[in-house]
Every structure is written in structure tokens, then in C-alpha cells.
Amino acid sequence: MPLRETLDRVDADLAAGRVPVARQRLRGLVSSFPYDLTLRRRLAEVYRLYGDTAEAGRWMYLEEDRNADETAAFEARYRSPGCRMKALAWRGPEAMAATAFAEGQLAAVRTACAEELGHPVDWDDPASYRDDLEGEYGAPSEPWTVGGVLAGVGCLVGALAFLAIWVIGVVALFD
């Protein structure tokens with residue numbers, strides 16, 4: 001589907017309140033056109049509708065007029081340079097960036113990642129910065145809550161009751 005037609009569908013989705021569909025269409029466009037900063041900006045606007053400042057910061061990271069709070073949230077969520085490289089979803093050399101600021105941002109992230117890992121990294125070769133990604137995606141450990149424990153116990157009781165009814169049914173079948 002052509003870019004203009006997809007953007008028209010995004011506009012129609014947003015007008016109809018189908019924000020998740022619009023977000024998904026824009027994510028696909030950014031994947032297909034990683035150098036188009038206007039698509040990244042539109043995706044950031046959609047994430048602002050969700051109130052997700054980290055994702056808005058992610059997609060505005062290459063813009064000079066980005067919001068400092070969103071940038072800080074992005075950098076806090078994607079702590080290491082390797083994770084930021086993956087999150088930015090860039091392909092090709094930094095020289096393909098539409099602005100000098102974007103080119104500088106991309107070069108800074110790549111350089112920081114290379115320094116941290118101790119070897120050159122490349123946007124087109126995720127394996128070159130994969131070492132930095134291991135162990136980064138584990139869910140943060142949070143203390144147990146009473147509600148969480150009760151929900152877990154309830155699920156366990158429900159599963160045991162289902163299993164007991166099933167066993168009784170099988171036994172009755174052969175009786």
C-alpha cells in the first residue's frame with residue numbers, strides 16, 4: 001500500500017478513535033521508512049494519546065525539538081546504548097538521517113554502544129550489539145502484594161477444582 005494511502009488510513013483511524021490500529025499502521029510505516037522523521041513524529045503523537053512518555057521520547061529521539069521529559073523517560077526505559085540502538089529501529093548509515101541533529105544522535109548512540117562493548121557496532125548488524133541486550137528484558141521484580149497472592153491462590157484453587165471435576169468425570173465414565 002502506498003505511503004500516502006496508509007497515512008490517510010491512519011488519519012481515518014484516529015478520527016474514528018481506533019488509536020491502536022493507527023499506532024500499528026504507523027509502526028509498520030516507520031519499519032518500512034526508517035529515515036522518515038515525520039513518521040516517527042506522528043508515531044510519538046499517537047503514543048502521547050496513550051500517555052506513554054517513554055515511547056513518545058523513543059520516536060522523538062532524533063528530533064531537535066523533542067521534549068526533555070520524554071527523552072529522559074526513553075533513556076530510563078532503554079538504559080543501555082545497545083537497547084537504544086534496537087529501540088530506535090534505524091537501518092543503514094547515520095548519513096541517511098534527514099537532519100544533522102538526527103545524524104549526531106544516531107552517531108552518539110552507536111559510539112556509546114561501541115565503547116561499552118569494546119568493539120565496533122553497526123546499525124545493520126544487530127548481532128554486533130546483541131551482547132548489550134542480553135538480560136535487559138527481564139520483568140522488574142516487585143514485592144508481592146496481598147491482591148497478587150489472593151489472585152494466585154484463586155487461580156490455583158480454580159485449576160484444582162477443574163482437575164477434580166475432570167477426574168471424577170473420567171472415573172464415573174468407567175464405573
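The values are calculated or read from the model by the stated rules, or taken from the named source; none is laboratory data. This is a predicted model, so every value here is computed, not measured. Reconstructed Cβ throughout: ideal geometry from the backbone, glycine too, with neighbour counts over all protein chains shown. These accessible areas exclude ligands, DNA and RNA; they are computed on the full protein's heavy atoms, side chains included. Shrake-Rupley method; radii C 1.70, N 1.55, O 1.52, S 1.80 Å.
Relative to the present Cα-Cα distance, how much length would full extension add between D65 and L163 at 0.36 nm per residue of separation?
So the extension gain works out to 29.4 nm.
Quick one: what are the phi-derived ³J(HN,Hα) couplings along region 59-66, Karplus 6.51/-1.76/1.60 with θ = phi - 60°, whole Hz, x for glycine and proline?
My calculation for region 59-66 gives 7, 9, 4, 8, 9, 5, 8, 5 Hz in order.
For W123, what is the net charge nearby, where nearby means another residue's Cβ is under 11 Å from its Cβ and Lys, Arg count +1, Asp, Glu -1?
-1
In region 37-136, if the dipole is taken from +1 on Lys/Arg beta carbons and -1 on Asp/Glu beta carbons about the Cα centre, which of V121, F101, P81 is farthest to the positive end?
With unit charges placed on the Cβ atoms, the residue in question is F101.
Once you mark the GluC sites (Glu not before Pro) that are in a DSSP loop and have at most 12 other Cβ atoms within 10 Å, what is the longest gap between them in the chain?
65-133
Keeping the other protein chains in place, figure out the carbon and sulfur percent of the accessible area of the chain, with a 1.4 Å probe.
After summing per-atom areas, the C and S share lands at 60 percent.
State the answer as a single residue: which of G154, A44, W59 lies farthest towards the positive end of the charge dipole of the chain, with beta carbon charges of +1 for Lys and Arg and -1 for Asp and Glu, about the Cα centre.
G154
Give the span of the chain's Cα atoms along each principal axis, as three whole-Å numbers ordered largest to smallest.
For the chain, the Cα extents along the three principal axes come out at 78, 46, 33 Å.
Around Y47, with a cut-off of 14 angstrom between Cβ atoms, what is the net charge of the other residues, counting Lys and Arg +1 and Asp and Glu -1?
Within the 14 Å Cβ shell, the charges total +4.
What does the charge dipole of the chain about its Cα centre add up to, to the nearest 20 debye, if the Cβ of each Lys and Arg holds +1 and the Cβ of each Asp and Glu holds -1?
It works out to roughly 520 debye.
Rounded to the nearest whole Å², what accessible area per residue is found for the chain with the 1.4 Å probe?
61 Å²
Tell me the label-point distance for the pair V171, D36, using the 7 Å Cα-to-Cβ offset, in nm and rounded to one decimal.
The modelled label-to-label distance comes out at 6.5 nm.
Around P93, under 15 Å between beta carbons, what's the net of Lys plus Arg minus Asp minus Glu among the other residues?
-3
Output the relative contact order of the chain, whole-number percent, from Cα pairs under 8 angstrom with separation of 6+ residues.
Relative contact order of the chain: 13 percent.
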